[in-house]
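Beneath this line is the structure, given in structure tokens, with notes to follow.
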Amino acid sequence: AARPPHFNGLPSNTNFPNNPKANSFNRRQKIAQQRKSLPIASVEKRLVHEVRNNDTLIIVGETGSGKTTQIPQFLYNAGFCRDGKIIGVTQPRRVAAVTVAKRVAEESGVELGQRVGYSIRFDDTTSGSTRIKYMTDGLLLREALLDPYLSRYSVLIVDEAHERTVHTDVLLGLLKDVQNKRSTFSNGCPNTENKQLSNGMLLDKGGGVFSSNLKQSQSRRFSTLKLIIMSASLDARAFSDYFGGARAVHVQGRQFPVDILYTLHPQPDYLDATLITIFQIHLEESPGDVLVFLTGQEEIESIERLIQERLRQLPEGNRNMWIVSIFSSLPSEKQMRVFAPTPPGFRKVILATNIAETSVTIPGIKYVVDPGFVKARSYDPAKGMESLIVIPTSKAQALQRSGRAGREGPGKCFRLYPESEFEKLEDSTKPEIKRCNLSNVVLQLMALGVNDVIGFDFIEKPPRAAIVKSLEQLFLLGALTEDCKLSDPLGHQMARLPLDPIYSKALIQASQFNCLEEVLITVAMLSVESIFYAPREKLEEARTAMKCFSSADGDHITLINVFRAADEFLEKRKSGQSKEKDDKVLKKWCKENFINSRSLRHARDIHRQIQGHVEQMGLHIASCGDDMVQFRRCLAASFFLNAALKQPEGSYRALASGQVVQIHPSSVLFRTKPECIIFNELVQTNHKYIRKITRIDYMWLTELAPQYYSMQR
Ligand code: ADP
Ligand code: MG
């Protein structure tokens with residue numbers, strides 16, 4: 001079929017941010033206009049004034065009013081970066097940190113990485129001249145390990161605080177403490193001589209107050225930290241109370257009416273319903289872009305394929321749909337595509353995870369399709385098991401989602417469930433800290449010197465049982481000593497790696513099994529979603545392709561095979577070619593082999609980064625060659641908390657939790673069903689499925705994890 005070239009990319013006449021041909025003068029004028037028309041622009045002076053007068057400020061403002069992109073620029077222009085200090089802005093989501101930083105760099109007319117930059121795990125674009133730094137909340141927590149007073153920052157903005165991710169919650173506690181300490185220091189305490197010179201004089205008069213250089217630099221390092229907590233919803237009270245009655249201000253937004261439509265009956269297959277609704281809008285509604293909320297990369301990619309398929313069946317004149325997607329593991333150069341203007345005569349359909357709920361605002365949206373689901377972490381402290389589940393959104397989320405349709409004019413939101421269901425939704429989402437495994441957080445807090453994690457000043461306490469369970473797990477992994485201190489060196493090394501503690505443990509002990517090379521690849525491949533893909537229309541071909549990589553020992557070795565095959569292929573092809581050529585060649589190879597090229601590229605990036613960390617730690621990267629028993633023993637020694645035994649009827653019993661689970665059909669061990677296995681993922685749909693599985697020998701558990709298996713069983 002004659003498909004217009006638009007579908008795979010942008011027509012060349014559109015002003016794409018990275019398009020050097022774009023008319024940059026016009027674009028800058030347009031941006032200046034857009035900025036001026038944002039609701040927040042009219043209150044710049046007032047906001048700066050509030051920040052000057054309050055060390056802690058809560059800012060609540062409707063989504064899209066300009067908080068994230070504008071406030072850091074206001075503060076920069078008001079001189080908050082004097083003395084080379086930095087304004088830091090944390091985001092719960094990587095994509096938000098990246099796209100917002102790019103936008104703000106463009107708005108300020110600077111190159112990304114100069115005055116404005118971002119830093120997220122495995123990707124840092126900042127430089128010595130960066131003054132406005134967007135980052136994930138998790139990344140700032142890690143920075144605190146190296147710089148406990150966060151002394152480079154004059155202002156820290158915790159954005160999207162309403163999301164209440166576990167990192168945001170921990171960060172709030174940490175920043176409260178850092179702020180206290182810094183103001184104590186900047187007021188001259190604990191050094192009594194300095195005390196008399198307090199009253200904020202140090203800040204204003206700079207170096208003039210002290211004679212000794214040493215004292216001067218100390219006072220500067222510990223100048224007051226301004227804290228701003230930003231949130232999209234009206235829960236300012238909780239934040240304000242937590243910060244001792246901190247001042248809260250509200251920024252007015254603009255909102256046009258949005259028609260909410262419900263289905264008459266519950267939808268048995270929400271993906272199918274989504275597809276039908278997208279086409280219903282496309283064929284029957286007036287022009288305007290569509291935003292569709294899905295739960296993850298896999299779902300987005302499969303819907304995208306289905307839309308393309310169905311488009312091909314439409315008459316030529318109706319194929320003017322442009323599909324873009326946004327989710328966290330999308331390569332960062334692709335993420336900006338969602339913001340590109342819709343080509344004339346086309347309808348843009350944006351397939352997004354809940355990242356588009358409040359974190360990023362895409363202009364031009366008139367229709368929202370909300371199936372009503374979100375992927376969330378869920379944790380059972382009694383069993384010590386974390387899983388990913390797809391759950392209904394809360395009312396607050398449903399409202400945020402529908403609000404996205406009414407930013408520029410009246411809009412419509414299609415909720416793919418009956419109205420009676422809406423009433424049954426929870427009012428708001430439970431903070432993540434109450435429903436996730438806390439091992440990572442506990443390890444980090446301890447590395448920050450917080451020894452009494454249970455007594456830590458959380459904005460909302462996690463369940464005590466969950467903290468105790470993670471202390472227990474960390475002890476079993478060897479990160480803690482018997483008297484509950486971070487062990488040396490293992491605990492400290494584990495805290496330094498930006499990974500889940502069990503992955504860090506696997507890497508660190510891989511040297512003993514002579515298989516660090518294999519474990520590095522494994523950890524990188526486990527960090528991305530869905531390496532394989534199997535489109536419905538080519539299921540058999542895809543299965544055959546997958547067989548070439550399969551290992552009878554399980555999914556981990558299968559993943560290693562894919563990674564290495566790609567490497568070898570590139571190696572063969574490489575004749576001093578550029579990275580872009582590599583990517584292109586790799587993409588083709590992926591397509592032929594039914595490998596998800598986005599995921600593989602992401603995994604290769606992560607691999608490079610972790611390798612850097614591991615080398616810095618002085619670990620020796622060796623390979624076990626063909627002796628995969630060594631590798632599987634290493635997995636058993638690392639993931640012994642996730643071991644499971646086959647039951648007579650073919651399901652499995654997880655040894656640590658006693659839960660009955662099934663092998664997911666995507667696993668290479670789905671049919672062979674070995675006696676004893678370890679697994680890395682638990683996913684709950686209508687079944688409790690485990691994925692990423694490797695066959696092990698039960699005896700290895702007692703041999704390699706006696707601290708657990710001899711005392712428990
Ligand atoms: P808030 O943080 O209050 O939700 P933002 O500062 O994220 O608001 O967004 C302000 C405005 O900037 C919105 O109108 C949004 O559409 C626009 N915007 C943000 N990022 C981009 C981008 N990359 N391209 C075009 N417009 C953008
Ligand atoms: Mg924002």
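The values are calculated or read from the model by the stated rules, or taken from the named source; none is laboratory data. None of these values were measured; they are calculated from a predicted model. No Cβ is skipped: glycine too gets one built from the backbone with ideal geometry, and neighbour counts run over all protein chains shown.
Only one of 152, 164, 131 is modelled with pLDDT of 90 or more, of a type in the set (D, E, K, R) and touching a Cys at 6+ places or on another chain (Cβ under 9 Å); which?
After applying the criteria, what remains is 131.
Within region 354-381, can you find the residues that are of a type outside the set (Asp, Glu), closer than 21 Å to residue 287 by Cβ and either without any contact (Cβ under 8 Å) to a residue 40 or more places away in the chain or more than 16 Å from ligand 2 (Cβ to nearest atom) (or both)?
364, 366, 367, 368, 369 - these are the residues of region 354-381 that are of a type outside the set (Asp, Glu), closer than 21 Å to residue 287 by Cβ and either without any contact (Cβ under 8 Å) to a residue 40 or more places away in the chain or more than 16 Å from ligand 2 (Cβ to nearest atom) (or both).
Residues in region 518-538 that are surrounded by fewer than 20 Cβ atoms within 10 Å (Cβ to Cβ) and either assigned to a helix (DSSP H, G or I) or aliphatic (A, V, I, L, M) (or both): how many?
Within region 518-538, residues that are surrounded by fewer than 20 Cβ atoms within 10 Å (Cβ to Cβ) and either assigned to a helix (DSSP H, G or I) or aliphatic (A, V, I, L, M) (or both) number 4.
Take the residues in region 405-418 that are of a type in the set (D, E, K, R) and at pLDDT 95 or above; name whichever of them is nearest to residue 391 (Cα to Cα).
Going through the qualifying residues, I end up with 415.
Can you list residue pairs whose Cβ atoms sit under 6 Å apart, with the first residue in region 218-242 being farther than 17 Å from residue 82 by Cα and the second being modelled with pLDDT of 85 or more and of a type in the set (Asp, Glu)? Count only pairs 6 or more apart in sequence or on different chains.
As it stands, the answer is 230/159, since those pairs meet every condition given.
Pairs, please: C-beta under 7 Å, at least 6 apart or cross-chain, first residue without any contact (Cβ under 8 Å) to a residue 40 or more places away in the chain and in region 495-515, second hydroxyl-bearing (Ser, Thr, Tyr)?
none
For the structure I just gave you, tell me whether residue 145 is closer than 27 Å to residue 528 by Cα and more than 16 Å from ligand 2 (Cβ to nearest atom).
yes
With the requirement that a residue be within 11 Å of ligand 1 (Cβ to nearest atom) and either out of contact with any Phe, Trp or Tyr (no Cβ under 7 Å at 6 or more places or on another chain) or without any contact (Cβ under 8 Å) to a residue 12 or more places away in the chain (or both), what does region 327-353 give you?
Across region 327-353, the qualifying residues are 335, 336, 337, 338, 339, 341.
Can you find a residue in region 611-626 that is part of a strand (DSSP E or B), under 31 Å from the mean Cα position of the chain (by Cα) and touching a residue at least 40 places away in the same chain (Cβ under 8 Å)?
no
Looking only at region 366-374, decide whether some residue is at negative phi, charged (D, E, K, R) and buried (at least 22 other Cβ atoms within 10 Å of the Cβ).
Within region 366-374, one or more residues are at negative phi, charged (D, E, K, R) and buried (at least 22 other Cβ atoms within 10 Å of the Cβ).
Pairs please, first residue from region 261-276 and within 16 Å of residue 307 (Cα to Cα), second anywhere and of a type in the set (Asp, Glu), Cβ atoms under 7 Å, 6+ apart in sequence or on different chains.
So the pair list comes out as 271/299.
Within region 415-444, which residues are of a type in the set (Ser, Thr, Tyr) and either at positive phi or assigned to a helix (DSSP H, G or I) (or both)?
Correct list: 420, 439.
What number of residues within region 151-187 are surrounded by fewer than 21 Cβ atoms within 10 Å (Cβ to Cβ) and not in a helix (DSSP H, G or I)?
Looking only at that region, the number is 3.
Name the residue, out of 294, 306, 351, 330, that is closer than 22 Å to residue 96 by Cβ, away from ligand 2 (no atom under 16 Å from the Cβ) and at pLDDT below 95.
330
May I ask you to list the residues in region 658-690 that are surrounded by 17 or more Cβ atoms within 10 Å (Cβ to Cβ) and either without any contact (Cβ under 8 Å) to a residue 12 or more places away in the chain or in contact with a His (Cβ under 6 Å, 6 or more places away or on another chain) (or both)?
Hit for region 658-690 is 689, nothing else.
The rows are residues; the columns are (1) touching a Pro at 6+ places or on another chain (Cβ under 7 Å); (2) surrounded by fewer than 16 Cβ atoms within 10 Å (Cβ to Cβ).
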{"residue": "436", "(1), (2)": "no, no"}
{"residue": "440", "(1), (2)": "yes, no"}
{"residue": "444", "(1), (2)": "no, no"}
{"residue": "449", "(1), (2)": "no, yes"}
{"residue": "452", "(1), (2)": "no, yes"}
{"residue": "456", "(1), (2)": "no, no"}
{"residue": "461", "(1), (2)": "no, yes"}
{"residue": "465", "(1), (2)": "yes, yes"}
{"residue": "470", "(1), (2)": "no, no"}
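Exactly one condition in (1) touching a Lys or Arg at 6+ places or on another chain (Cβ under 7 Å); (2) more than 14 Å from ligand 2 (Cβ to nearest atom); (3) touching a residue at least 60 places away in the same chain (Cβ under 8 Å) is false for residue 126; which is it?
Looking at each condition in turn, residue 126 falls short on (3).
Against the conditions (1) out of contact with any strand residue (DSSP E or B) (no Cβ under 6 Å at 6 or more places or on another chain); (2) at pLDDT 95 or above; (3) of a type in the set (Gly, Ala, Ser), where does residue 710 fall short? Just the number, please.
In the conditions (1) out of contact with any strand residue (DSSP E or B) (no Cβ under 6 Å at 6 or more places or on another chain); (2) at pLDDT 95 or above; (3) of a type in the set (Gly, Ala, Ser), residue 710 misses (2) alone.
Can you find a residue that is out of contact with any helix residue (DSSP H, G or I) (no Cβ under 6 Å at 6 or more places or on another chain), of a type in the set (Asp, Glu) and in contact (Cβ under 8 Å) with a residue 12 or more places away in the chain anywhere in region 434-457?
no
Conditions tested, residue by residue: (1) within 15 Å of ligand 1 (Cβ to nearest atom); (2) touching a helix residue (DSSP H, G or I) at 6+ places or on another chain (Cβ under 6 Å).
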{"residue": "364", "(1), (2)": "yes, no"}
{"residue": "375", "(1), (2)": "no, no"}
{"residue": "384", "(1), (2)": "no, yes"}
{"residue": "392", "(1), (2)": "no, no"}
{"residue": "402", "(1), (2)": "no, no"}
{"residue": "405", "(1), (2)": "yes, no"}
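Taking region 153-167, which residues are over 14 Å from the mean Cα position of the chain (by Cα) and more than 12 Å from residue 90 (Cβ to Cβ)?
Of everything in region 153-167, those that are over 14 Å from the mean Cα position of the chain (by Cα) and more than 12 Å from residue 90 (Cβ to Cβ) turn out to be 154, 162.
Can you name the residue in region 1-48 that is among the β-branched types (Val, Ile, Thr) and modelled with pLDDT of 50 or more and, of all such residues, is surrounded by the fewest Cβ atoms within 10 Å (Cβ to Cβ)?
This residue is 31.
Say whether the condition of being within 10 Å of ligand 1 (Cβ to nearest atom), under 18 Å from residue 230 (Cβ atoms) and surrounded by 23 or more Cβ atoms within 10 Å (Cβ to Cβ) is met by at least one residue in region 108-117.
So far as region 108-117 goes, no, none of its residues is within 10 Å of ligand 1 (Cβ to nearest atom), under 18 Å from residue 230 (Cβ atoms) and surrounded by 23 or more Cβ atoms within 10 Å (Cβ to Cβ).
Hey, which of the helices (runs of 4 or more DSSP H) in region 302-408, taking only ones fully inside, have at least 1 residues that are out of contact with any Asp or Glu (no Cβ under 8 Å at 6 or more places or on another chain) and more than 28 Å from residue 436 (Cα to Cα)?
Where helices (runs of 4 or more DSSP H) fall fully within region 302-408 and carry at least 1 residues being out of contact with any Asp or Glu (no Cβ under 8 Å at 6 or more places or on another chain) and more than 28 Å from residue 436 (Cα to Cα), they are 332-335.
Looking at 121, 142, which is the one that is away from ligand 1 (no atom under 16 Å from the Cβ), within 28 Å of residue 433 (Cβ to Cβ), modelled with pLDDT under 95 and in contact with a strand residue (DSSP E or B) (Cβ under 8 Å, 6 or more places away or on another chain)?
121
As an exercise: evaluate residue 533 against (1) at pLDDT 90 or above; (2) touching a strand residue (DSSP E or B) at 6+ places or on another chain (Cβ under 8 Å); (3) among the aromatic types (Phe, Trp, Tyr) and give the number of the one condition it does not meet.
Failed condition: (1).
Can you report the number of residues in region 226-248 which are surrounded by fewer than 17 Cβ atoms within 10 Å (Cβ to Cβ) and within 15 Å of ligand 1 (Cβ to nearest atom)?
1
Would you point out which residue out of 51, 60 is crowded, with 19+ Cβ neighbours inside 10 Å and away from ligand 2 (no atom under 16 Å from the Cβ)?
51
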